[in-house]
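Written below as structure tokens is the structure these notes are about.
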Amino acid sequence: MTSVVLEEIPDRITLALEISNCQGNCVGCHSPFLREDVGEELTPAVLDALIADNFGVNCLLLLGEGNDPAALLSLARWLRERHPRLERALYSGRTAVPEKDIWDLFDFVKVGPYKAECGPLNQRTTNQRLYYHGEDITARFWHRGIDPARQD
Ligand code: SF4
């Protein structure tokens with residue numbers, strides 16, 4: 001599913017794309033179907049069409065990493081070259097994201113699985129973190145009252 005969102009990435013008009021084949025195992029997962037191999041393959045042609053249909057967005061957010069790390073990086077490189085005015089964002093449900101390529105290719109990286117007892121990004125108790133070029137900007141969700149709809 002795709003949607004244009006204002007809450008997930010601060011100060012950006014973001015085109016958010018749900019990525020299936022999730023390898024996470026969050027208790028209370030809000031979208032169990034994303035653990036399956038569902039939906040349309042996210043090819044450059046598909047992305048081109050989505051971006052053209054959503055003129056005015058300035059950020060593209062992948063909600064999940066899927067199960068093919070090489071394909072994820074390849075897509076991010078293509079986005080950087082083909083759509084340089086779009087910032088790139090990735091929501092990872094992993095506890096840590098050690099791959100340097102991910103930090104180089106994505107402007108925003110969200111780290112951490114959803115834990116109900118800690119709450120989502122807009123709660124100070126959250127275990128999740130949102131980074132912008134390596135800087136932890138999670139506190140911006142607390143100061144501005146942003147309420148991300150997605151918790152993974
Ligand atoms: S990362 Fe999201 S889709 Fe994957 S298991 Fe966690 S809540 Fe579910």
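The values are calculated or read from the model by the stated rules, or taken from the named source; none is laboratory data. Because the structure is predicted, anything quoted here is derived from the model rather than measured. When we count neighbours, we look across all protein chains shown, and the Cβ atoms used for this are built from the backbone with ideal geometry, even at glycine. To get the accessible areas, we keep the full protein, side chains included, count just its heavy atoms, and leave off ligands, DNA and RNA. Shrake-Rupley method; radii C 1.70, N 1.55, O 1.52, S 1.80 Å.
Using only side-chain charges placed at the Cβ, +1 for Lys and Arg and -1 for Asp and Glu, the dipole size of the chain relative to its Cα centre rounds to 480 debye. What the phi angles of the range 30-36 give under the Karplus curve with 6.51, -1.76 and 1.60, with θ = phi - 60°, is a coupling list of 7, 9, x, 5, 6, 7, 9 Hz, glycine and proline written as x. With both residues required to sit in the range 2-143, DSSP beta bridges show an antiparallel share near 45%. For the chain, with all protein chains in place and a probe radius of 1.4 Å, 52% of the accessible heavy-atom surface sits on carbon or sulfur. When shorter helices are ignored and each DSSP H run of at least 4 residues is given -39500 (n - 2.57), the per-residue value for the chain at 222 nm works out to -6500 deg cm²/dmol. Normalised per residue, the accessible area of the range 48-152 is 50 Å², obtained with a 1.4 Å probe and no contribution from ligands, DNA or RNA.
A protection proxy built from the mean count of other Cβ atoms within 10 Å ranks the segments 98-111, 33-46, most packed first, as 98-111, 33-46.
Per the Cα gyration tensor, the range 29-139 maps to an equivalent ellipsoid with semi-axes of 24, 17, 14 Å, ordered largest to smallest.
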